[in-house]
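Only one structure is covered here, and it is reproduced in the block below.
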Amino acid sequence: MDIRSVGVVGAGQMGSGIAHVFALAGYDVTMADVNQDSLDRALAQIDRNIERQVARGKVTAEAKAAALARISRTMHLPDLGASDLIIEAATERESVKDQIFRDLVPHLKPETILTSNTSSISITRLASRTDRPEKFMGFHFMNPVPVMQLVELIRGIATDAETFQTCLLVVEKLGKTAASAEDFPAFIVNRILMPMINEAVYTLYEGVGSVKSIDESLKLGANHPMGPLELADFIGLDTCLAIMNVLHDGLADTKYRPCPLLTKYVEAGWLGRKTERGFYDYRGPVPVPTR
């Protein structure tokens, strides 16, 4: 199938990044969100991010103008029905995703491919609640989308070969690299990354090290560009907790038990950068550790 138009559900950090890369690659993009302010912020963020690429000489001013002109916005989910490919990038809650797909399905073309940017939820289970499990798969971008080169492609048990090959060609057109993952909890990247972050939180919880010493140890001792607690704040502590719960529930292994301190931060609403407090406090000129 020749993909020309793409619908993106969700105008948050991931949704705006996905719209950014698709528009630059020449696709017509429609972003949908329940909040007009979110749509406005997303377009402004895309504008700023592409402008940075222009300043670095990676994108021409003409290409930027053309990309922005390809992006339309809507608060009416059925407006995505004419898209060739739809990527759901809403919050990491299965009930929310299920409702989005239920609302979309009656308005889709028969050939439309449905995908989810979920970082951990079963693709097979999500697909089974639609009218096209053979045309449904996981399309998991890394954050920040314009910078990170990897896309995980996850086939559910019913996903057909044509759908996978079509999505593979789309990833190549975006200039990114696809990794094929089986449909098991958290797939590849988060199956490895999230337990590391969770272990870092346990290390803090047990008093083995402070926020600063844990992050410095991994940056200087393992050559990581960001410390695990800094990275958790960047991802969002609610997202980290959701993925750990999926791993714990799906694999029934105590090694995936979320750290109680991670749960406590989420209960406090300290979710990281997006709320200005997490393992660091971002309300001042320099981030300050909160423990």
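The values are calculated or read from the model by the stated rules, or taken from the named source; none is laboratory data. Just so it is clear, the model here is predicted, and its values are computed rather than measured. When we count neighbours, we look across all protein chains shown, and the Cβ atoms used for this are built from the backbone with ideal geometry, even at glycine.
Can you find even one residue in region 30-42 that is within 19 Å of the chain's Cα centre (by Cα), part of a helix (DSSP H, G or I) and closer than 22 Å to GLU172 by Cβ?
Looking through region 30-42, none of the residues is within 19 Å of the chain's Cα centre (by Cα), part of a helix (DSSP H, G or I) and closer than 22 Å to GLU172 by Cβ.
So that you can scan it fast, the table gives a plain yes or no per residue for (1) assigned by TED's automatic domain parsing to the domain that holds ASP249; (2) over 20 Å from THR239 (Cα atoms):
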| site | (1), (2) |
| --- | --- |
| HIS140 | no, no |
| ASN143 | no, no |
| LEU169 | no, yes |
| GLU172 | no, yes |
| ALA186 | no, no |
| ASN198 | yes, no |
| THR203 | yes, no |
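For (1) modelled with pLDDT of 95 or more; (2) touching a strand residue (DSSP E or B) at 6+ places or on another chain (Cβ under 6 Å), each residue gets a yes or a no:
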{"residue": "MET148", "(1), (2)": "yes, no"}
{"residue": "ILE154", "(1), (2)": "yes, yes"}
{"residue": "ILE157", "(1), (2)": "yes, no"}
{"residue": "GLU162", "(1), (2)": "yes, no"}
{"residue": "THR166", "(1), (2)": "yes, no"}
{"residue": "VAL189", "(1), (2)": "yes, no"}
{"residue": "ASN223", "(1), (2)": "yes, no"}
{"residue": "ALA232", "(1), (2)": "yes, no"}
{"residue": "ILE235", "(1), (2)": "no, no"}
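Of the residues GLY250, GLY284, which single one is without any contact (Cβ under 8 Å) to a residue 24 or more places away in the chain, out of contact with any Asp or Glu (no Cβ under 6 Å at 6 or more places or on another chain) and among the small types (Gly, Ala, Ser)?
Within the list GLY250, GLY284, the selection yields GLY284.
What about ALA23, is it surrounded by fewer than 17 Cβ atoms within 10 Å (Cβ to Cβ) and outside any strand (DSSP E or B)?
Taking the combined requirement at face value, the residue does not satisfy it.
When only residues in region 36-55 that are out of contact with any helix residue (DSSP H, G or I) (no Cβ under 7 Å at 6 or more places or on another chain) and polar (S, T, N, Q) count, which is farthest from VAL147 (Cα to Cα)?
Among those that are out of contact with any helix residue (DSSP H, G or I) (no Cβ under 7 Å at 6 or more places or on another chain) and polar (S, T, N, Q), it is GLN36.
Which condition breaks for ALA181 when tested against (1) out of contact with any Gly (no Cβ under 7 Å at 6 or more places or on another chain); (2) crowded, with 24+ Cβ neighbours inside 10 Å; (3) of a type outside the set (Asp, Glu)?
(2)
Would you check which residues across region 277-290 are surrounded by 15 or more Cβ atoms within 10 Å (Cβ to Cβ) and over 16 Å from GLY227 (Cβ atoms) and list them?
Of everything in region 277-290, just one residue is surrounded by 15 or more Cβ atoms within 10 Å (Cβ to Cβ) and over 16 Å from GLY227 (Cβ atoms), namely ARG277.
Here are the criteria: (1) more than 15 Å from the chain's Cα centre (by Cα); (2) closer than 21 Å to SER128 by Cβ; (3) surrounded by 14 or more Cβ atoms within 10 Å (Cβ to Cβ). Tell me which single one ILE197 does not satisfy.
Unmet for ILE197, out of (1) more than 15 Å from the chain's Cα centre (by Cα); (2) closer than 21 Å to SER128 by Cβ; (3) surrounded by 14 or more Cβ atoms within 10 Å (Cβ to Cβ): (2).
When you scan region 6-19, do you find a residue that is farther than 26 Å from LEU241 by Cβ, assigned to a helix (DSSP H, G or I) and assigned by TED's automatic domain parsing to the domain that holds GLU152, even just one?
yes
Of the residues ARG73, ARG93, which single one is on the phi < 0 side of the Ramachandran plot, under 22 Å from the mean Cα position of the chain (by Cα) and at pLDDT below 95?
ARG93 is the lone residue from the list that is on the phi < 0 side of the Ramachandran plot, under 22 Å from the mean Cα position of the chain (by Cα) and at pLDDT below 95.
Under 9 Å between Cβ atoms, which residue pairs at least 6 apart in sequence (or on different chains) link something in region 25-49 that is in contact (Cβ under 8 Å) with a residue 40 or more places away in the chain and under 22 Å from GLU62 (Cα atoms) with a partner that is buried (at least 16 other Cβ atoms within 10 Å of the Cβ) and among the aromatic types (Phe, Trp, Tyr)?
ASP28/PHE22; VAL29/PHE22
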